Amino acid sequence: MRVHRSLTASVEKRVLLWMAERAPRWVTSDGLTVLGLSAQMGAGVGYVLARWDRRALVLVIVCIALNWLGDSLDGTLARVRRQQRPRYGFYVDHVVDIFGAAALMGGLACSGLVHWQIAVAMLVAFLLLSGESYLATYALGRFELSQGWFGPTELRILLITGNVELLRSPFATVLGHRFLLFDLGGAIAAAGMLVMALWVAAKHTAQLYRQEPLP
């Protein structure tokens, strides 16, 4: 069972359903999955290029939008066409997410727009949160696509907003101190994902403990 309660979930569901119902036959779920991964890798390349020319961040923004299209529409298209392959789809989608996140954060680490340690921290926190979600899906039979009001689409919106700000300036000033904008945002994001991973892990552990008490 999929659980999706993010801020944009209801609107996004209607938009994706509208697009899936009108997609030409040559558009396939597997093709959209490939598009999503390719776009995320392209975003990583865009970050590398931004080390020399920040206008490459426009490529990053376009690729993030294409990643949303491919990653979000593939499952909806399969359901509309009654071509669901639950185990295949779940496995491929999330393997793609892992490799895509590594490519994105790897490119960001090479961009000069953030210290590489922050990029690694964001990747580790993302993988911890993702790993907990995958284990909870197996143990509880429920896949939580979002945590609270935030899901993948909200994260993409924040990332696009951050890139727009980077086009203006890579720095932010807080209490009179100047920081790299993505150092500040990345540290907050990594800490937030880590706290969320710990919280949901504790919640799910307690839930499973109640469901399977000691004899």
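The values are calculated or read from the model by the stated rules, or taken from the named source; none is laboratory data. Keep in mind the model is a prediction, meaning the values are calculated, not measured. Methodologically, a virtual Cβ is constructed for each residue, glycine included, from the backbone with ideal geometry; neighbour enumeration extends over all protein chains shown. Accessible surface is based on the protein model in full, side chains and every heavy atom, while ligands, DNA and RNA are left aside. Shrake-Rupley method; radii C 1.70, N 1.55, O 1.52, S 1.80 Å.
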**Prompt:** Residues in region 141-151: is at least one open to solvent by 30 Å² or more (accessible area, probe 1.4 Å) and in a helix (DSSP H, G or I)?
**Reply:** no
**Item:** Subset of region 1-24 (residues that are among the basic types (Lys, Arg) and at pLDDT 95 or above)
**Value:** Arg14, Arg22
**Fill in**
Taking region 188-207 and keeping only residues that are farther than 24 Å from Thr8 by Cβ and in contact with a helix residue (DSSP H, G or I) (Cβ under 6 Å, 6 or more places away or on another chain), one is left with Ala201, His204
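Every residue in region 111-126 that is open to solvent by less than 30 Å² (accessible area, probe 1.4 Å) and outside any loop (DSSP other than H, G, I, E, B), please.
If the condition is that a residue be open to solvent by less than 30 Å² (accessible area, probe 1.4 Å) and outside any loop (DSSP other than H, G, I, E, B), then Ala119, Met122, Ala125 are the ones that fit.
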**Request:** Those residues that are under 18 Å from Thr153 (Cα atoms) and out of contact with any Gly (no Cβ under 8 Å at 6 or more places or on another chain), I need them from region 8-37; list them, please.
**Result:** Ser10, Val11, Glu12, Lys13, Arg14, Val15, Leu16, Leu17, Trp18, Met19, Ala20
**Request:** Of all residues in region 18-35, count the ones that are open to solvent by less than 60 Å² (accessible area, probe 1.4 Å) and part of a helix (DSSP H, G or I).
**Result:** 7
**Complete:** Of the candidates Ser38, Ser6, the one satisfying the condition of being assigned to a loop (DSSP other than H, G, I, E, B) and either surrounded by 15 or more Cβ atoms within 10 Å (Cβ to Cβ) or touching a residue at least 60 places away in the same chain (Cβ under 8 Å) (or both) is Ser6
**Request:** Output the number of residues of region 77-88 satisfying the condition of being part of a helix (DSSP H, G or I), touching a helix residue (DSSP H, G or I) at 6+ places or on another chain (Cβ under 6 Å) and not β-branched (Val, Ile, Thr).
**Result:** 2
**Request:** Scan (1) under 20 Å from His204 (Cα atoms); (2) buried (at least 17 other Cβ atoms within 10 Å of the Cβ); (3) not β-branched (Val, Ile, Thr) for the single condition Leu108 breaks and write down its number.
**Result:** (1)
**Asked** Out of region 56-95, which residues are loosely packed, with under 14 Cβ neighbours inside 10 Å and β-branched (Val, Ile, Thr)?
**Response** Val95
**Prompt:** For region 43-55, which residues satisfy the criterion of being assigned to a helix (DSSP H, G or I) and open to solvent by less than 40 Å² (accessible area, probe 1.4 Å)?
**Reply:** Ala43, Gly44, Gly46, Tyr47
